[in-house]
Every structure is written in C-alpha cells, then in structure tokens.
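To start, the structure under review is shown below, and the notes come after it.
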Amino acid sequence: MDELWQHHCDAMASYGFTRLLYGMASSRSRSSLGARDDFLILTNIVGDYMDTFVNDGLYLHAPMVRWATENSGSCSWSWIREHAEALTSKEREVVEFNTRHGLTAGLSISFAETGARGIAAIALIPDEGVPQSDVDAIWAVKGSEIEAMNHVLHLKILTLPYPNTRKPLTKRQREALEWVGEGKTTQDIGVIMGLTPATVEKHLRLARETLDVETTAQAVLKASLQNQIFRIEG
C-alpha cells in the first residue's frame, strides 16, 4: 500500500497536485460513515491539519465529503463557492479551517465501485496559493487522464489488505473465518484445522472482537471487504 501510494503521489505531482487525501469507509449507513477505526485514509499532507480534520471530526462536515457521498465522478472545488449560500454553519467552519491551512483550491473524485455500503473519494490539491482557475485549466486539458489514473489507484487499493488502526487478524483467525465463509460448521473446521470445536470458537470470538462486530457472519463480510481473508500470502 505504501509503495502504491508513493507512486501515485509522484504521478499526481507531475500534474501539479502536490497534496492528496484519499479516504474510504466500507461500513457506512444512511446516517453515518461508520466507525472511524474502519476508515482507510492515505495522505501526504503533513502537520497538524490531519489530526484536527480527522480526529476532531471536521471531515463529517466538509462540503466536498458531502458532495462525494451524494455523487460519483469528479468535481471542481469551485462547487463550494457556487453553493456557498446553501452551506451549513458547520460546513462554513470547515471551509474557514481549510483556508487557514492553505487548502483553497482542488478537485475531488468520488468512486462508485466501492459498493452500496462503501464510499471512497480522493482530493487532489495543488501547492498553497495556486488559484482554482489554474486547477480548472489543468483539468480541462488533462482531466480524463488524471481521473483514469485515480480510478486505477482506487481499484488497486480494493485488492490490497486494508490497513487500519485495529490490530490485524491472526493466521488462525483468518483461516477459521475463511472456512466459515466456505460453509463449514465449527465441528468441520475443527477437523480441518486439527483443533477442538471450543478452540475454533475461541478463534472466531477473537476475530469478532478484533473486527468489532457481533456475529461471525458480519466478521466474514467485514474481513472479506477489507481483504484480510481469502488472500494469497506473499
């Protein structure tokens, strides 16, 4: 993931987008983006901006995050200015926060391939001081090329193990969940793995706790979405 992200940052910098912020949530609902610990966030923005934007929950009220949850495709940040009168007070606070940190121009791309429960988007941001008009001019010439490259990034991310702030599943936990996903019972799994049914259930219970879900079915789904199971070990 780190190698992929660095290559993409270098590629986008060649177009003038030196600051990137990619985010994906795989368990959103109508009223929530899901648990913060389940987010995948990749960025090369340094300093205290990300601590405040993410850890203090400002992202929940970011205008372009709202746009990304309601749309797919690309959008110039001129959308913020064009819809200024319709922004909530919280959204205006985020705009002011971004302005203080020099994030005043950019483009956002929202990806539809994440699925019904997922949302993913990336913000492409130029150097501080570059006006939105220059960004839009770059997009007018190279937009289709840049958008295609970002879709390739997103599709590749979907195939990689999903790093997050939770501890990873152990090899035994992954194997037990994989066999559940194949339709095996606890007794079947015990025979296959050479364990007692009680030990198999222990691995499944610990997997549920690690993934912060209530049922084993939810654990299989979440681990699969995060590419933690049914993967080839390199």
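The values are calculated or read from the model by the stated rules, or taken from the named source; none is laboratory data. All values derive from a computational prediction rather than experimental measurement. Here the Cβ positions follow ideal geometry from the backbone for every residue, glycine too, while neighbour counts run over all protein chains shown. Just the protein is used for accessible areas: all its heavy atoms, side chains included, with ligands, DNA and RNA removed. Shrake-Rupley method; radii C 1.70, N 1.55, O 1.52, S 1.80 Å.
At a glance:
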| read-out | value |
| --- | --- |
| Helix-only mean residue ellipticity at 222 nm for the chain, each DSSP H run of n ≥ 4 adding -39500 (n - 2.57), per residue, nearest 500 | -14000 deg cm²/dmol |
| Segment 34-145 - percent relative contact order, Cα under 8 Å, separation 6 or more | 24 percent |
| Whole-Hz couplings from phi, Karplus 6.51/-1.76/1.60, listed for segment 67-83; x for Gly and Pro | 4, 5, 6, 9, 9, 10, x, 10, 8, 6, 5, 5, 4, 5, 5, 5, 10 |
| Cα-based reach from Lys142 at 17 Å (exclusive), listing aspartates and glutamates while leaving out same-chain residues under 8 positions away | Asp10, Asp134 |
| Rounded accessible area of Arg205 (nearest 10 Å², 1.4 Å probe) | 100 Å² |
| Accessible area of the chain divided out per residue, in Å², using a probe of 1.4 angstrom | 53 Å² |
| Thr159 - accessible surface, heavy atoms, 1.4 Å probe, Å² rounded to 10 | 80 Å² |
| Solvent-accessible area, 1.4 Å probe, carbon plus sulfur percent, for the chain | 53 percent |
| By accessible area with a 1.4 Å probe, ligands and nucleic acids excluded, highest first: order of Ile138, Ile157, Ile192 | Ile192, Ile138, Ile157 |
| In segment 171-234, GluC sites (Glu not before Pro) in a DSSP loop with at most 15 other beta-carbon atoms within 10 Å | Glu182, Glu214, Glu233 |
| Accessible area of Thr99 in the full protein assembly, 1.4 Å probe (Å², nearest 10) | 80 Å² |
